[in-house]
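Here the structure comes first, spelled out in structure tokens, and everything after it is commentary.
The values are calculated or read from the model by the stated rules, or taken from the named source; none is laboratory data. Being a predicted model, the structure only gives us computed values, none of them experimental. We place every Cβ from the backbone using ideal geometry, glycine too, and count neighbours over all the protein chains shown. Note: accessible area is taken over every heavy atom of the protein model, side chains too, but ligands, DNA and RNA are not part of it. Shrake-Rupley method; radii C 1.70, N 1.55, O 1.52, S 1.80 Å.
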Amino acid sequence: MESFSSPHSDVLLEDAPAGGPTFLDRLFDHGLLIRTGVDGLYGRSGAFESVVDALDRLITRIGAADGAEVMRFPPGMSRPAFERSGYLKGFPNLAGTVHSFCGDSAGHAEILACVEAGQDWTGQQEATDVVLTPAACYPLYPVAAARGPLPAEGRLFDLQSYCFRREPSLEPTRMQLFRMREYVRMGSPEQVLAFRESWLERGTAMMRDLGLPLAIDAANDPFFGRAGRMLANNQRAQGLKFELNVPVNSVEKPTACLSFNYHQDHFGSTWELRQADGGVAHTACVGFGLERITLALLRHHGLDLAAWPEAVRTALWG
Ligand code: ATP
Ligand code: ZN
Ligand code: MG
């Protein structure tokens with residue numbers, strides 16, 4: 001993977017003077033992001049969305065020849081499917097559940113009285129069969145498995161979803177609700193690894209064409225707790241996750257804008273998804289953080305889209 005890497009040492013990020021406005025402040029001031037009062041939960045301007053839309057189309061163009069099957073799911077998924085997926089083993093702290101009021105009129109009166117008195121009104125909320133989608137590919141696996149064994153050539157899907165992760169932050173790149181575009185490959189180990197390799201190259205070329213400094217690095221997911229540290233070490237040692245990092249908030253702590261994940265047979269065995277020859281299917285996905293790439297562009301090319309380098313504007317808008 002070293003061939004994709006480029007050092008960050010030559011990257012200059014204009015640092016805000018101490019006490020001056022942060023990158024997030026400047027995004028608010030320019031109206032690109034809109035405050036809601038919650039860290040990591042933002043409205044976006046038309047200009048911001050025009051970049052998100054252009055990226056979405058660019059990613060479609062780059063993958064077009066592969067003939068991925070397009071599917072779109074809402075930002076909530078089935079709680080039983082979520083439980084079976086194993087997400088809670090790794091990331092209980094990031095999960096978001098949808099709760100709803102299931103009481104009667106007396107319960108309703110209680111809620112209103114609590115709100116009126118400024119007290120906690122959520123005591124009567126009960127978990128529903130919906131949880132918030134944590135990654136665009138999670139709703140896909142049970143749907144794919146329900147179709148039966150994969151064809152010999154495997155399958156390829158094109159996804160996009162709002163995703164929720166409970167990780168409030170003052171870094172604009174770490175949102176609680178954000179959009180993730182994904183391609184997901186299912187098949188033999190060779191098929192899914194070839195897919196990941198090709199997207200490491202295509203993703204790198206895409207981001208270079210957008211004029212962004214980047215490095216591909218081995219990575220791990222932020223597994224929860226003490227047992228999580230071992231999972232993270234294994235993931236790294238086995239080369240299961242790579243990230244395409246761009247300095248956005250700082251040069252020292254660059255931001256993962258794309259990620260390239262090999263799940264081995266985790267989802268295949270979880271969902272009893274089989275290859276054509278009966279073996280357990282392997283899966284891999286490439287994830288594009290649409291807000292993160294947009295923020296990287298704003299950080300490096302400035303907050304005025306009209307002043308972006310012509311080559312970047314052409315790559316995005318033709
Ligand atoms: P990080 O290490 O920064 O937390 P991650 O490993 O959790 O990122 P993935 O789980 O691989 O990221 O998610 C796929 C893509 O979604 C990432 O490459 C990134 O671009 C985007 N993404 C992940 N978390 C967030 C977030 N909190 N806000 C905005 N985009 C995100
Ligand atoms: Zn995925
Ligand atoms: Mg994360």
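Work out how much length His30 to Glu69 would gain on full extension: take 0.36 nm times their residue separation and subtract the Cα-Cα distance, in nm to one decimal.
Taking His30 through Glu69 to full extension adds about 10.3 nm, to one decimal.
Rounded if a/c is under 1.5, else prolate if a/b beats b/c, else oblate: with a ≥ b ≥ c from the C-alpha gyration tensor eigenvalues square-rooted, which is the chain?
Oblate shape, in that a/c is at least 1.5 and b/c is the bigger or equal ratio.
For Cys102, Cys257, give me the order by solvent-accessible area with a 1.4 Å probe, most accessible first, ignoring ligands, DNA and RNA.
Highest to lowest solvent-accessible surface, that is Cys102, Cys257.
What does the helix-only formula give at 222 nm for the chain: each DSSP H stretch with n ≥ 4 adding -39500 (n - 2.57), the total divided by the residues, and the result rounded to the nearest 500 deg cm²/dmol?
Using -39500 (n - 2.57) per qualifying helix, the result is -10500 deg cm²/dmol.
At what distance in nm do the modelled label points of Ala106 and Arg202 sit from each other, each positioned 7 Å from its Cα along Cα→Cβ?
6.0 nm
Run the numbers on region 251-318 and let me know its relative contact order in percent, using alpha-carbon pairs under 8 Å that are six or more apart.
This gives 28 percent for region 251-318.
Please compute the alpha carbon radius of gyration of region 73-132, then divide it by the globular-protein estimate 2.2 N^0.38 Å. Two decimals is fine.
Its radius of gyration relative to the 2.2 N^0.38 Å reference: 1.41.
For Ala194, project a label point 7 Å along Cα to C-beta. Then give me every residue of region 268-298 with its amide nitrogen under 20 Å of that point.
274-286
Under a point-charge model restricted to the Cβ atoms of Lys and Arg (+1) and Asp and Glu (-1), what is the dipole moment magnitude of the chain relative to its Cα centre, in debye to the nearest 20?
Its charge dipole is roughly 440 debye.
Hey, if we sort Arg196, Arg165, Arg229 by accessible area with the 1.4 Å probe, largest down, what's the order?
Arg229, Arg165, Arg196
Over what distance in Å are the Cα centres of region 230-293 and region 153-225 separated?
First find each Cα centre; the distance between them is then 7 Å.
Using heavy-atom solvent-accessible surface (probe 1.4 Å) with all chains present, what is the largest-first order of Asp56, Asp209, Asp158?
Largest to smallest exposure gives the sequence Asp209, Asp56, Asp158.
Where does each of 173-181, 140-148 land if you order them by average Cβ count within 10 Å, highest first?
Result, highest mean first: 173-181, 140-148.
With a 1.4 Å probe and all protein chains left in place, how much accessible area per residue does the chain have, in Å²?
Per-residue accessible area for the chain comes out at 48 Å².
Give me the percent of accessible area attributable to carbon and sulfur for the chain, probe 1.4 angstrom.
Here it works out to 54 percent.
Using the charge dipole of region 76-202 (Lys, Arg: +1 at Cβ; Asp, Glu: -1 at Cβ; taken about the Cα centre), state which of Val115, Thr173, Leu150 has its Cα farthest towards the positive end.
Farthest along the dipole direction, towards plus: Leu150.
Among Cys163, Leu193, Ala127, pick out the residue whose Cα is farthest towards the positive end of the charge dipole of region 120-198, where Lys and Arg carry +1 and Asp and Glu carry -1 on C-beta, about the Cα centre.
It is Leu193, whose Cα lies furthest towards the positive end.
Sequence gap at least 6, Cα distance under 8 Å: using those rules, report the relative contact order of the chain to the nearest whole percent.
Result for the chain is 22 percent.
Sketch the reach of a paramagnetic label on Gln125 as a point 7 Å from Cα along Cα-to-Cβ, and name the residues of region 84-115 whose backbone nitrogen lies under 20 Å away.
It comes to 88, 92-115, nothing else.
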